[in-house]
Amino acid sequence: MKTRLFDHIDLRVKDMETGKFYAKFLPQLGFVREKYEPSPNPETGDDFHTFYSAGGDKPAEFFGLTLDKNHRPNGTRIAFWAETREKVDAIAELVRVAGGKNLEGPEICQEYSPGYYAFFFEDPDGNKLEICCRESPIVAE
């Protein structure tokens, strides 16, 4: 039985100090366990800074940061879901305080779908992120 929609996100960052931003942001989304792990590629010597959605023997999605000094942010955006507009607003404030760059919102985005409320921002490395709430679910036909 399928219980998860994704396994992990492996995000490249130019500076592992960006982990401090994610240490404040990701727990708000349910990534409750943080740890550093050695790189599986000994040639690079880069370690992972990983945030897990669960601990112990439970299956966990994870959000990992990998150092890449040549990383250049692009138009790719990772959007996270929030249950309410108030949660979007609270996370938007936390992002600003933690060093994220506000791009748009929080605001209603009717052009996306009815009741779509979102905050668009960048992490300290310039990676594009979003936190959104859908008051009307999307139904695939």
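Listing for the model above:
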item: Residue under evaluation Phe121, criteria (1) aromatic (Phe, Trp, Tyr); (2) more than 30 Å from Asn70 (Cβ to Cβ); (3) touching a helix residue (DSSP H, G or I) at 6+ places or on another chain (Cβ under 7 Å), criterion not met; result: (2)
item: Residue match in region 80-94 (condition: more than 21 Å from Gly30 (Cα to Cα), exposed (fewer than 14 other Cβ atoms within 10 Å of the Cβ) and not polar (S, T, N, Q)); result: no
item: First in region 76-87 and without any contact (Cβ under 8 Å) to a residue 60 or more places away in the chain and within 15 Å of Ile108 (Cα to Cα), second anywhere and of a type in the set (Val, Ile, Thr) and part of a helix (DSSP H, G or I), Cβ under 6 Å, 6 or more apart; result: Ala82/Val88
item: Some residue of region 96-109 being surrounded by fewer than 18 Cβ atoms within 10 Å (Cβ to Cβ), among the acidic types (Asp, Glu), out of contact with any Lys or Arg (no Cβ under 6 Å at 6 or more places or on another chain) and closer than 15 Å to Tyr22 by Cα; result: no
item: Selection status of Asn41, more than 22 Å from Ile91 (Cα to Cα) and either in contact with a helix residue (DSSP H, G or I) (Cβ under 9 Å, 6 or more places away or on another chain) or at pLDDT 85 or above (or both); result: no
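The values are calculated or read from the model by the stated rules, or taken from the named source; none is laboratory data. What you see is a predicted model, and the numbers here were worked out from it, not measured in a lab. Neighbour counts run over all protein chains shown; Cβ positions are idealised from the backbone, glycine included.
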